[in-house]
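A.B. asks: Below you will find the structure I want to go over with you.
Please treat every number below as a calculation from the coordinates, not as lab data. This structure is a prediction, so every number in the text was calculated from the model and none was measured. For neighbour counting, all protein chains shown are included, and Cβ atoms are generated from backbone atoms with ideal geometry for every residue, glycine included.
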Amino acid sequence: MQSSVRAVVLEKPGVLRLQRFERPRLESGAMLVRITMSGICGTDKHGYKGQAVQYAGTQREVFGPYPAVPGHENLGVIEELAEPRTDFYGLPLRVGDRVLVSPDIVCGECFLCRHSFGYSWCDRIRSYGHLSSDVWPHLLGGWADLMYVLPGSHVYRVPDEISDDIAVLAEPMAVTYSLDLAKSWAALPRQGFSAGDTVVVFGVGPLGIFHLIKARLMGAGTLVAVDVSPYRLELARALGADVTLDPRQLPGPELVTAVRDLTHGLGADVVVECVGIPSVIRDGIEMLRQGGTFVEVGNFVDSGELSLSPHRHFVAKNIRLLGMTNLAYTGFIPSITLLHRHRHELPLARVITHRFPLERAEEALVTSMEPESMKVVIAP
Ligand SMILES: [Zn+2]
Ligand SMILES: [Zn+2]
């Protein structure tokens, strides 16, 4: 048995180092997972840049922490179990099983846990990739040979027929549950997201690409992708975007006009903001139709403020604003089942563009911030 375990540590903003830790002994309810792949998320990019305030203004507001082992989109194989246990669905887990681990450990007891089953809105939330590596058991992120899975974690056994390359997309795909919510609003006339609707995805990096895929699979009519990267726009087109718009070629109000022109002057039914820059929100709201739905998901970390007119941007247009943090932990297996089901019609193999071993984690992070990349994964 290996006694030392390699893990990448984000020591402070801009400083990543490969370190060795002692293989931890398991407490009751815990397990060790040998990481197959760990996706790089926007949160990791922000953390590297020092933008590390999450859940600002709530009881669970956190900064960082540093140092930490990043990686919360984790797929691996069970290496060791403290004792027999089952997965999220009650399936028995054994050493050697392929599993996904939800990034969030919720307490199950706070007000939010008791009133929002399935959502990671816990006041005492703990999240892999965002837990100090200074304290035992240290290995609480996926950019490592082994990850320590704490008692109380949601673990999902991956169905045999689903490939690793699809399974590792579970977490970012589960984030798209805001579109499921928007769909539920469609029980009211012309609200939310209905089949045949025009959906604009503003920003088609990884987060946006998954929303684009989900919108397509949920029945969007016209799908519009907005981005400044021709590479990403081309991939968006391959994955189902009917129209791609580059804001650099459509200065000032031209971007909004272009979307209105696609919809006989009405505006889009749904706009999903996945850029993560506050200033794009004004254009996003301007391109909505009367009563349209604006999904704000891009600003997962606190990236500043913008000024809007409450009258013009909210009231006059009767917009529906769906702010969302995190994901539904009930969404992991449904998300990959959906992708697997449509694997022949979607070029999903193009979604993971780069794979890096642990010792090249820094290069992986830098690559993930390039406009010519999509999902970048660490494969220890
Ligand atoms: Zn993520
Ligand atoms: Zn809770």
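A.B. asks: Taking a cut-off of 20 Å, what percent of all Cα-Cα pairs in the range 251-320 are separated by more than that?
C.D. replies: Considering the range 251-320, 25 percent of its Cα-Cα pairs are separated by more than 20 Å.
A.B. asks: Rank-order 128-134, 179-185 by packing density, defined as the average count of other C-beta atoms within 10 Å over each peptide's residues, highest first.
C.D. replies: Peptide ranking by packing, descending: 128-134, 179-185.
A.B. asks: Related question: What is the antiparallel percent of DSSP beta bridges lying wholly in the chain, to the nearest 5?
C.D. replies: 60 percent
A.B. asks: Using label points projected 7 Å from each Cα along Cα→Cβ, tell me how many nm separate residue 355 and residue 25, to one decimal.
C.D. replies: 3.6 nm
A.B. asks: Would you please classify the overall shape of the range 79-155 from the alpha carbon gyration tensor, given that a ≥ b ≥ c denote the square roots of the eigenvalues, rounded means a/c under 1.5, and beyond that prolate means a/b larger than b/c while oblate covers the rest?
C.D. replies: Taking the square roots of the gyration eigenvalues as a ≥ b ≥ c, the range 79-155 is oblate.
A.B. asks: For the range 218-228, what does the Karplus curve 6.51 cos²θ - 1.76 cosθ + 1.60, with θ = phi - 60°, yield as ³J(HN,Hα) per residue in whole Hz, taken in order and with x for Gly and Pro?
C.D. replies: My calculation for the range 218-228 gives 8, x, 4, x, 9, 10, 10, 10, 10, 6, 8 Hz in order.
A.B. asks: Using θ = phi - 60° and the Karplus relation 6.51 cos²θ - 1.76 cosθ + 1.60, list the HN-Hα couplings for the range 136-151 in order, rounded to whole Hz, with x at every Gly or Pro.
C.D. replies: 4, x, 6, 8, 10, x, x, 8, 7, 4, 10, 10, 8, 9, 5, x
A.B. asks: While we're here: In whole percent, what relative contact order does the chain give with Cα contacts below 8 Å and a gap of six or more residues?
C.D. replies: 18 percent
A.B. asks: Separate question: From the backbone phi of the range 245-255, what are the Karplus-calculated ³J(HN,Hα) couplings (6.51 cos²θ - 1.76 cosθ + 1.60, θ = phi - 60°) in whole Hz, Gly and Pro given as x?
C.D. replies: Residue by residue, the range 245-255 yields 10, 10, x, 5, 8, 10, x, x, x, 5, 5 Hz.
A.B. asks: Same structure again: In bins 20 Å wide, starting from 0, what share of all Cα pairs of the chain does each bin hold, as a percent?
C.D. replies: Values per bin, smallest distances first: 29, 58, 13, 0.
A.B. asks: Right, next: Going by the alpha-carbon gyration tensor, a ≥ b ≥ c the square roots of its eigenvalues, is the range 176-323 rounded (a/c under 1.5) or, if a/c is not under 1.5, prolate (a/b greater than b/c) versus oblate?
C.D. replies: Rounded, because the longest to shortest axis ratio a/c is under 1.5.
A.B. asks: Is the shape of the range 1-160 rounded, prolate or oblate, going by the alpha carbon gyration tensor and its root eigenvalues a ≥ b ≥ c, with a/c under 1.5 for rounded and a/b larger than b/c for prolate?
C.D. replies: Oblate, because a/c is 1.5 or more while a/b does not exceed b/c.
A.B. asks: Another question about this same structure. Give the separation of the Cα centroids, the range 162-189 to the range 324-380, in Å.
C.D. replies: Taking the Cα centre of the range 324-380 as reference, the centre of the range 162-189 is 15 Å away.
A.B. asks: Counting only pairs 8 or more residues apart or on different chains, how many lysine pairs in the chain have their Cα atoms under 18 Å apart?
C.D. replies: Qualifying lysine pairs in the chain: 5.
A.B. asks: Please check: in the Gaussian network model of the chain (C-alpha springs, under 10 Å), which one of 15, 149, 69 has the largest mean-square fluctuation.
C.D. replies: Largest GNM mean-square fluctuation: 15.
A.B. asks: What is the packing order of peptides 6-14, 89-97, taking the mean over residues of other C-beta atoms within 10 Å and listing the highest first?
C.D. replies: 6-14, 89-97
A.B. asks: Looking only at Cα atoms, what is the convex hull volume of the range 272-380 per residue, in Å³?
C.D. replies: 161 Å³
A.B. asks: List the GluC sites (Glu not before Pro) within the range 26-105 that DSSP assigns to loop and that have no more than 12 neighbouring Cβ atoms inside 10 Å.
C.D. replies: 27, 61
A.B. asks: List every residue whose amide H lies under 5 Å from the amide H of residue 321, counting only residues 5 or more places away in sequence or on a different chain, with H placed 1.01 Å from N in the peptide plane.
C.D. replies: Here 294 satisfy the definition.
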